[in-house]
Amino acid sequence: MSPRPVGELLATLNHPARLRILNTVSRVPLSVSDLASILGMPEADVAASIEELQDLRIVRAFTVVPHVLYTLAPLSTHHEQLLRAALDAVRNDPEAQRDRAAARQRSRVELATRARPALMDAT
C-alpha cells in the first residue's frame, strides 16, 4: 500500500478529537470505551474517529480478549516525524497531560482487573 498524502495527516491532526485520541493512545493501548471515558466523549464519536484513523493507517487494532485495543501504527519516516512533532507540540498542554495521565491510570486498572481473575484461576 502506498503511504497516504501528508495533507491527510495534517487534516487529521487539525481535528481536536482525533488529536486527543492520538495523544492518548501514544502512551498506552486503549479500547473505545476507555477512550470515551478518558476524553468525556460519546463512544459512537470515538469509534467514528478511530475508524478514520485506521483508514489513514495512523492507528492499529489488536485484540486482548474480550477487548479490542488501539495504539499508534508504524508510519513512514516523514509521517512519523510529523505525528511526533504534533504530539510534542501538545506535550505541555494541561488537557493533553490530563488525558495521558488518565490513560496510564486506566490502563493499569484494566490490566489489574483482567490479570486478577487469571491469577485466581491459576491457583
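Quick notes
- Counted residues, region 70-79 - those being surrounded by 12 or more Cβ atoms within 10 Å (Cβ to Cβ), more than 10 Å from the chain's Cα centre (by Cα) and not in a loop (DSSP other than H, G, I, E, B): 1
- Being out of contact with any strand residue (DSSP E or B) (no Cβ under 7 Å at 6 or more places or on another chain), in a loop (DSSP other than H, G, I, E, B), at pLDDT 80 or above and more than 13 Å from Asn23 (Cβ to Cβ) is a property that Leu82 lacks.
- Subset of region 85-122 [acidic (Asp, Glu) and modelled with pLDDT of 60 or more]: Asp88, Asp93, Glu95, Asp99, Glu110
- Applying the set (1) among the hydrophobic types (A, V, I, L, M, F, W, C); (2) within 22 Å of Leu10 (Cβ to Cβ); (3) at pLDDT 95 or above to Ala36 leaves exactly one unmet item: (2).
- In region 35-55, of all residues being more than 18 Å from Pro74 (Cα to Cα) and either in contact with a strand residue (DSSP E or B) (Cβ under 8 Å, 6 or more places away or on another chain) or aromatic (Phe, Trp, Tyr) (or both), the one that is surrounded by the fewest Cβ atoms within 10 Å (Cβ to Cβ) corresponds to Ile38.
- Flag for His67 being open to solvent by 30 Å² or more (accessible area, probe 1.4 Å), in contact (Cβ under 8 Å) with a residue 60 or more places away in the chain and farther than 18 Å from Arg100 by Cα: no
- Every condition in (1) part of a helix (DSSP H, G or I); (2) among the polar types (S, T, N, Q); (3) open to solvent by 50 Å² or more (accessible area, probe 1.4 Å) is met by Asn92 except one, and the failing one is (1).
The values are calculated or read from the model by the stated rules, or taken from the named source; none is laboratory data. Quick caveat, the model's predicted, so the values are computed rather than measured. Cβ atoms come from the backbone with ideal geometry, glycine included; neighbour counts cover every protein chain shown. Heads up: the accessible areas ignore ligands, DNA and RNA and are worked out on the full protein's heavy atoms, side chains in. Shrake-Rupley method; radii C 1.70, N 1.55, O 1.52, S 1.80 Å.
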